[in-house]
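Below is one structure; the comments refer to it alone.
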Amino acid sequence: MNYLDFIETMRALPHFREFGCVKCGTRHRVHILAWGFDCVKCKIRHKTRREGSIGTEIQDAIDAVLAWAEKEEGKDEVQRILAWRAKMNEEEPDEDPPARGGGAAQSRSR
Ligand SMILES: [Zn+2]
């Protein structure tokens, strides 16, 4: 996947996906970065991501970006950029990235 494909995929990526329990069928809303979930009804553990030495899913790329952003070197600058982006989105809500699915975007009260 090249960078442009990655960016387009990220913009369309939902924050949550629905999974059904393999035993009882109960539907679960699970964050895409979660590695699994436990069924609330029958307590069975379900894996939602593949584990490997080198990840091949978009979630693995997001994990790498988050790990990079959390590194001590540059961490403060990342926080400043995130704060600036939040301020810009507050001032110009029309400039929000197109991907607004999932729970996080709905927490804004306007
Ligand atoms: Zn279940």
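Tabulated values for the structure
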| item | result |
| --- | --- |
| Near pairs, Cβ below 8 angstrom, 6+ apart or cross-chain, from the range 1-27 (farther than 13 Å from residue 58 by Cβ) to any residue that is assigned to a loop (DSSP other than H, G, I, E, B) and away from the ligand (no atom under 16 Å from the Cβ) | 16/32; 16/101; 16/102; 16/103 |
| Wholly within the range 1-92, strands (runs of 3 or more DSSP E) carrying at least 1 residues that are more than 16 Å from the ligand (Cβ to nearest atom) and under 16 Å from the mean Cα position of the chain (by Cα) | 16-20, 27-31 |
| Long-range neighbours under 9 Å by Cβ, at least six apart or interchain, first residue free of Cβ contacts under 8 Å to residues at least 60 places away in the same chain within the range 30-47, second of a type in the set (Val, Ile, Thr) and within 7 Å of the ligand (Cβ to nearest atom) | 38/44; 39/26; 40/26; 41/26; 42/26 |
| Within the range 17-50, considering residues that are touching a Lys or Arg at 6+ places or on another chain (Cβ under 7 Å) and of a type in the set (Gly, Ala, Ser), the one nearest to residue 66 (Cα to Cα) | 36 |
| Residues of the range 29-56 that turn out to be over 28 Å from residue 1 (Cβ atoms) and surrounded by 11 or more Cβ atoms within 10 Å (Cβ to Cβ), as a count | 5 |
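A short reminder: the numbers here are calculations on the coordinates, not readings from a lab. These figures come from a predicted structure and were not determined experimentally. As a convention, Cβ positions derive from the backbone with ideal geometry for all residues, glycine included, and neighbour counts pool all protein chains shown.
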